[in-house]
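The values are calculated or read from the model by the stated rules, or taken from the named source; none is laboratory data. Model, not experiment: these values are computed from the prediction. Cβ coordinates were reconstructed from backbone atoms using ideal geometry, including for glycine residues, and neighbour counts include every protein chain displayed. Note: areas computed on protein heavy atoms with side chains; ligands, DNA, RNA excluded. Shrake-Rupley method; radii C 1.70, N 1.55, O 1.52, S 1.80 Å.
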Amino acid sequence: MKLVVINGPNLNLTGMRSPNVYGTDTLETITEELNGYVIYETLCRTCLDACRDAGVECELFQSNHEGDIIDAIHAAMNEFDGIIINPGAYTHYSYAIRDAIEAVGLPTVEVHLSDIHAREPFRAVSVIEPVCIAQ
């Protein structure tokens, strides 16, 4: 099995942007090399151990550009078995990313570094969640 982890806008500033919300680790320090695969550590230690133990490959992608994220989702259709996505602010309004996820038909899980339901009211609404198998 092969998964792609897609990180959206401003996640490259993790560690510098709102450390009280997102913490002080940078995107580079919250990734690690396990058995030759780059895996997003914030998925949780249990998930990482399970991926490694099960021989699941993961690749990491980050972009601040909506079109690049859509292209990565489209490319995943022929290369990956599933998608894990942190769409960042696109969570709340990118019907284009939502439509891309729906179109490729891959099982997709939406993740975030903070609890979007415990923050500002506009952040609690995800247009991505309905086309994902979990959030």
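Worth a mention:
- Only one of the numbered conditions (1) open to solvent by 30 Å² or more (accessible area, probe 1.4 Å); (2) modelled with pLDDT under 85 is not met by G15, and that is (1).
- Per-region count, region 123-134, residues more than 16 Å from V4 (Cα to Cα) and either buried (at least 16 other Cβ atoms within 10 Å of the Cβ) or under 14 Å from the mean Cα position of the chain (by Cα) (or both): 6
- Enumeration of residues in region 84-135 that are among the hydrophobic types (A, V, I, L, M, F, W, C) and in a loop (DSSP other than H, G, I, E, B): L106, V111, L113, V125, V127, I128, C132, I133
- Enumeration of residues in region 105-122 that are over 16 Å from the mean Cα position of the chain (by Cα) and not acidic (D, E): G105, H117, A118, R119, P121, F122
- Criterion violated by I30 - all others in (1) open to solvent by less than 40 Å² (accessible area, probe 1.4 Å); (2) at pLDDT 65 or above satisfied: (2)
- Flag: T91 matches the condition of being of a type in the set (S, T, Y) and under 14 Å from N10 (Cβ atoms).
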